[in-house]
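Colleague: Please read through the structure below; I'll follow up with questions.
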Amino acid sequence: MAPEFVQSLLLFASDHPIYAVVITVLSLFVLRSLLKKLLKQKITNFPRKFPEDRDKRSKEGFYDVAVVGAGPAGSTLGYYLAKAGRNCLLLEKKKFPRDKYCGDAVCKTAIEILMDMGIYEKLIKENKARVADAGGLCSPGGLSYIGRSKEILGEVPAALACKRWWLDEAIAMAAKRAGAYLKENSGVRDAVFDAKAGLWTVYLEDSDKSYKARVLVCADGAPSKLATKLGIVKRPPDGSCSRAYVESGTHKFKADGCIFYHRDMLPGYSALFRHPNNELNYCVYLIPGNPKVTNDDLPYWHDFLMKQDPNISKSLGPGAKLERMKAASLRLGGEPVSHGDHVLVVGDAAGMIDPMTGEGIHHAMEAGKMAAVFLDEAMHHGNYDKDVLKLYHEAWMDKFGSDFKWSFAICQLLYRFPILLDAATAAIARKGDKFLAAWADIMTGRVPKIHLLRPEFVIVITFELVSLIIKRALGIEKKREKKLE
Ligand SMILES: Cc1cc2nc3c(=O)[nH]c(=O)nc-3n(C[C@H](O)[C@H](O)[C@H](O)COP(=O)(O)OP(=O)(O)OC[C@H]3O[C@@H](n4cnc5c(N)ncnc54)[C@H](O)[C@@H]3O)c2cc1C
């Protein structure tokens, strides 16, 4: 029976080699994910080393967790850990409110967490945040679409514009109210682990002060200085991004937000985003993957696009008053390791920025929340070994991190074939706001990038691609561009 089955399989494979390859690849994928699920470890599979940690009130002289950095990642973690009744120290080198160079676009996943924390309504009511309704994109070939999202998405908007001055303060103060011990003006200089006692000693800059904690969390942003010093993160940040606020009343931008792709800067892009007071945020994201663009070129592109790109210069208008360019680095695509003995790395420090968008507030907050839930469970069990904390690394990789590989691959495709972005924009223009919302969900990592291979995307984008190729060959594309505008 078995040899007969194998024989007929071999016969099928020789008759239909393409089908055979596709079926084999798909079966391997399914087998791999089944095996992964079957072999998945649980915290309870590991021995108990610190059973006393189970009692949430028994600790003397040390914190359960010391978090370094109170940005969106660290403060979200602090909030949920404190809510779970854990003793969490939140060390921040600056004093809130403080500026952080950013595009200030807060995506849906982050908005849901802000709602859960009870901060969202307050930010809107106090006019510190604004729901982005009219938004869209402008492709490298000049096709554009601006749609509306409010009616389609209902309660949770697609994006929120909120200056980090307000956002980060709101999250940090929520963590403090929940019971986290927030210490501002407390830059961390070093952290040393005593393996025998299972405790970290965290040393502050310019001070003799130190704190002890069972677990250390590095949430100190893209430079990831502490995790690099501890040997967990091993590479420098790879991308960069600029920001300049545009004074209210000096520009001509009508939408709430728009992404502009320039053929020579792909896979990077630039964006305009409107704040509550009609001030704009102008950003340029340099994403690795284009050999002709390096991070040193950021000032050039920042200046060139706002003056020479027809769509951006038109949106800004001749009288736009912009602040001086500010810039910071982006650590993209996820670090291969974000854990060690009694230590986790969260947010930008672990490279949780999607290479397709350069955005990471939502991933920082999502991972902060995941890390808090995970650490609470680890504390209940009393084991923080590297192998246990690897489960946290695997969890965020499963949730959104492994998708970053697709993002890098798509970035390469877009860099090589910008026409794909033109076709996608044409498809969005043809299908309208629902399609734009689905596209935004993929771009912001709510839905895996593999969904781009679904028929509803493939069919309409391929149709537009073929039609663009024909129009370009016949030289009749210009008319279509005008219509779409
Ligand atoms: C110009 C630019 C534009 C961007 N635009 C967007 C956007 O529009 N939308 C989006 O979602 N993402 C955007 N990003 C990415 C986004 O800023 C990050 O993903 C997000 O800030 C990550 O949060 P985090 O908490 O991990 O790190 P951070 O926000 O960097 O917070 C780290 C915190 O650690 C503190 N810290 C650092 N070192 C120490 C130390 N030694 N001791 C104590 N504290 C320390 C810092 O002061 C800071 O408060 C942009 C990034 C840049 C650079």
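The values are calculated or read from the model by the stated rules, or taken from the named source; none is laboratory data. No experiment lies behind these values; they were computed from the predicted model shown. Neighbour counts are summed over all protein chains in view; Cβ atoms, including those assigned to glycine, are modelled from backbone coordinates with ideal geometry. Quick note on the areas: whole protein, heavy atoms, side chains included, nothing else; ligands and nucleic acids left out. Shrake-Rupley method; radii C 1.70, N 1.55, O 1.52, S 1.80 Å.
Colleague: For the stretch 1-122, what relative contact order do you get, as a whole percent, if you take Cα pairs closer than 8 Å and at least 6 residues apart?
Modeller: In percent, rounded to a whole number, it is 14.
Colleague: While we're looking at this one, here's another question. Starting from the Cα of Lys434, draw a straight line to each of the aspartates and glutamates and keep only those under 16 Å, dropping any in the same chain fewer than 8 residues away.
Modeller: Candidates past the 8-residue exclusion: Asp133, Glu151, Glu155, Glu456.
Colleague: Rg/Rh for the stretch 136-277: what does it come to with C-alpha atoms and Rh from Kirkwood?
Modeller: Values: Rg = 21.5 Å, Rh = 19.8 Å.
Value, to two decimals: 1.09.
Colleague: Follow-up. Under 5 Å between amide H atoms, partner at least 5 residues away or on a different chain: which partners does Lys100 have, H built in plane at 1.01 Å?
Modeller: Under 5 Å from the amide H of Lys100: Arg164, Trp165.
Colleague: If you count only protein heavy atoms with a 1.4 Å probe, what accessible area per residue comes out for the stretch 188-276, rounded to a whole Å²?
Modeller: Per residue, the stretch 188-276 has an accessible area of 43 Å².
Colleague: Next question. Checking a compactness column here: for the chain, what do you get for Rg(Cα) / (2.2 N^0.38 Å), N being the number of residues?
Modeller: Cα Rg divided by the expected 2.2 N^0.38 Å: 1.06.
Colleague: If you don't mind, there's one more thing I want to ask. Place the peptides 141-148, 344-351, 391-398, 196-203 in order of packing, highest mean first, counting for every residue the other Cβ atoms within 10 Å and averaging per peptide.
Modeller: Listed from highest to lowest mean packing, they are 344-351, 141-148, 391-398, 196-203.
Colleague: Sort 355-363, 48-56, 10-18 for me by packing, meaning the mean count of neighbouring Cβ atoms within 10 Å per residue, highest on top. Can you show the working numbers first?
Modeller: Numbers: 355-363: 26.6, 48-56: 13.1, 10-18: 10.6.
Highest-to-lowest ranking by the protection proxy: 355-363, 48-56, 10-18.
Colleague: Express the relative contact order of the stretch 53-134 as a whole percentage, based on alpha carbon pairs under 8 Å and six or more residues apart in sequence.
Modeller: 22
Colleague: Taking θ = phi - 60°, what integer Hz values does the Karplus form 6.51 cos²θ - 1.76 cosθ + 1.60 yield along the stretch 155-161, in sequence order, with x for Gly and Pro?
Modeller: Along the stretch 155-161, the couplings run 5, 9, x, 6, 7, 10, 9 Hz.
Colleague: Continuing with this model, one more query. Hey, what number do you get for the chain at 222 nm if only DSSP H runs of n ≥ 4 count, each worth -39500 (n - 2.57), divided across all residues, to the nearest 500?
Modeller: Details: 17 runs with 205 residues, N = 485.
Only helices count here, giving -13000 deg cm²/dmol.
Colleague: Now for a separate question. So what is the accessible area of the stretch 1-154 per residue, in Å², with the probe set to 1.4 Å?
Modeller: Solvent-accessible surface per residue comes out at 58 Å².
Colleague: A follow-up question, please. Calculate, axis by axis, the spread of Cα positions in the stretch 62-169 along the three principal axes, and write the results as whole Å, longest axis first.
Modeller: 58, 27, 25
Colleague: Another question, then. Give the carbon-plus-sulfur fraction of the accessible surface of the chain in %, rounded to a whole number; probe 1.4 Å, heavy atoms of protein chains only.
Modeller: 58
Colleague: Using θ = phi - 60° and the Karplus relation 6.51 cos²θ - 1.76 cosθ + 1.60, list the HN-Hα couplings for the stretch 324-334 in order, rounded to whole Hz, with x at every Gly or Pro.
Modeller: Whole-Hz 3J(HN,Hα) from phi for the stretch 324-334: 4, 4, 10, 8, 8, 8, 10, 9, 9, x, x.
Colleague: Right, here's the next one. Which entries in the list Lys94/Lys399; Lys369/Lys431; Lys94/Lys225 go over 26 Å, if you measure between the two C-alpha atoms of each?
Modeller: Lys94/Lys399; Lys369/Lys431
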